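**Student:** Got a structure for you, questions after.
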Amino acid sequence: MHEYLWLKMLWNELTKDEWELFYSMPETLNNEIIYSSLRAINFQGKRKTRRRLLNTPLIDEKDKPSYDRYRGFMRLKVEISREIRRLPKVPKFSGYIKSASAVGSKSPRKSSFLDLMVVNEDDYMEIVFDWFTYLTIGEN
């Protein structure tokens, strides 16, 4: 479903329900190429962004968002429905605590926030590729 919505967004227009579903999916914002492409579309438009995505050697041919792949997905009949319902009632919390030991305030501290600041240099040695810059810089 996500692949269909991604290709439809690139090659066509999404309906309001499809748009909301596409942006609410975790695959949309967790995928660096899709996220950067959405930013690039807002910056320079769909045509340039599509052209750059199709011409990049950094994406495998089978994974490129081509129009042929979108035509293959157009054969599917997709129906999106929305269900609005009430959430179950949550038990009321009064804030009352029987004793301080119930929340662990009497136990000795195990760690501090300074422990989180220890940095391992090997973690920063990998090269980070900026897809947004790649999709928007230069004339193409």
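The values are calculated or read from the model by the stated rules, or taken from the named source; none is laboratory data. Being a predicted model, the structure only gives us computed values, none of them experimental. Glycine also receives a Cβ, built like all others from the backbone with ideal geometry; neighbour counts cover every protein chain displayed.
**Student:** For segment 7-17, name all the residues that are touching a Lys or Arg at 6+ places or on another chain (Cβ under 8 Å) and either among the basic types (Lys, Arg) or assigned to a loop (DSSP other than H, G, I, E, B) (or both). I'd like the intermediate steps shown before the answer.
**Tutor:** First, pick out the residues of segment 7-17 that are touching a Lys or Arg at 6+ places or on another chain (Cβ under 8 Å): 7, 10-11, 14, 17.
Scanning segment 7-17 gives a single hit, Leu14.
**Student:** Spot the failing condition for Tyr4; the list is (1) surrounded by fewer than 12 Cβ atoms within 10 Å (Cβ to Cβ); (2) assigned to a helix (DSSP H, G or I); (3) in contact (Cβ under 8 Å) with a residue 60 or more places away in the chain, and only one is missed.
**Tutor:** Tallying (1) surrounded by fewer than 12 Cβ atoms within 10 Å (Cβ to Cβ); (2) assigned to a helix (DSSP H, G or I); (3) in contact (Cβ under 8 Å) with a residue 60 or more places away in the chain, Tyr4 fails exactly one: (1).
**Student:** Could you go through segment 49-58 and let me know if any residue there is in contact with a Ser or Thr (Cβ under 6 Å, 6 or more places away or on another chain) and modelled with pLDDT of 85 or more. It would help to see each step written out before you state the result.
**Tutor:** Here is the first cut: in segment 49-58, the ones in contact with a Ser or Thr (Cβ under 6 Å, 6 or more places away or on another chain) are 49.
Subset that is modelled with pLDDT of 85 or more: 49.
Yes: segment 49-58 contains one or more residues that are in contact with a Ser or Thr (Cβ under 6 Å, 6 or more places away or on another chain) and modelled with pLDDT of 85 or more.
**Student:** Here's a follow-up. Could you tell me whether any residue of segment 100-119 is surrounded by 10 or more Cβ atoms within 10 Å (Cβ to Cβ), modelled with pLDDT of 70 or more and assigned to a loop (DSSP other than H, G, I, E, B)?
**Tutor:** Taking every residue of segment 100-119 in turn, none turns out to be surrounded by 10 or more Cβ atoms within 10 Å (Cβ to Cβ), modelled with pLDDT of 70 or more and assigned to a loop (DSSP other than H, G, I, E, B).
Conditions tested, residue by residue: (1) more than 20 Å from the chain's Cα centre (by Cα); (2) hydrophobic (A, V, I, L, M, F, W, C); (3) more than 15 Å from Gly138 (Cα to Cα).
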site: Arg39; (1), (2), (3): no, no, yes
site: Lys46; (1), (2), (3): no, no, yes
site: Leu58; (1), (2), (3): no, yes, yes
site: Asp68; (1), (2), (3): yes, no, yes
site: Glu79; (1), (2), (3): yes, no, yes
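**Student:** Enumerate the pairs (first residue in segment 83-97 and farther than 30 Å from Leu21 by Cβ; second residue anywhere and modelled with pLDDT under 85 and of a type in the set (A, V, I, L, M, F, W, C)) with beta-carbon separation below 9 Å, excluding pairs fewer than 6 apart on the same chain, so at least 6 apart or on different chains.
**Tutor:** Here the result reads Ile97/Val103, each pair linking segment 83-97 to a residue that is modelled with pLDDT under 85 and of a type in the set (A, V, I, L, M, F, W, C).
**Student:** Would you mind stating whether Leu38 is in contact with a helix residue (DSSP H, G or I) (Cβ under 9 Å, 6 or more places away or on another chain) and over 18 Å from Glu18 (Cα atoms)?
**Tutor:** Numbers: in contact with a helix residue (DSSP H, G or I) (Cβ under 9 Å, 6 or more places away or on another chain): yes; over 18 Å from Glu18 (Cα atoms): no.
Considered against the rule, which asks whether it is in contact with a helix residue (DSSP H, G or I) (Cβ under 9 Å, 6 or more places away or on another chain) and over 18 Å from Glu18 (Cα atoms), Leu38 comes out as no.
**Student:** Sticking with this one: Write out, first by first residue and then by second, each pair whose Cβ atoms fall under 7 Å of each other, whose residues are 6+ apart or on separate chains, and whose first residue, in segment 41-62, is under 15 Å from Trp6 (Cβ atoms) while the second is basic (Lys, Arg) and surrounded by 12 or more Cβ atoms within 10 Å (Cβ to Cβ).
**Tutor:** Leu53/Lys64; Leu54/Lys64
**Student:** Please work out if Lys16 is among the basic types (Lys, Arg) and without any contact (Cβ under 8 Å) to a residue 12 or more places away in the chain.
**Tutor:** Yes: the conditions hold for Lys16.
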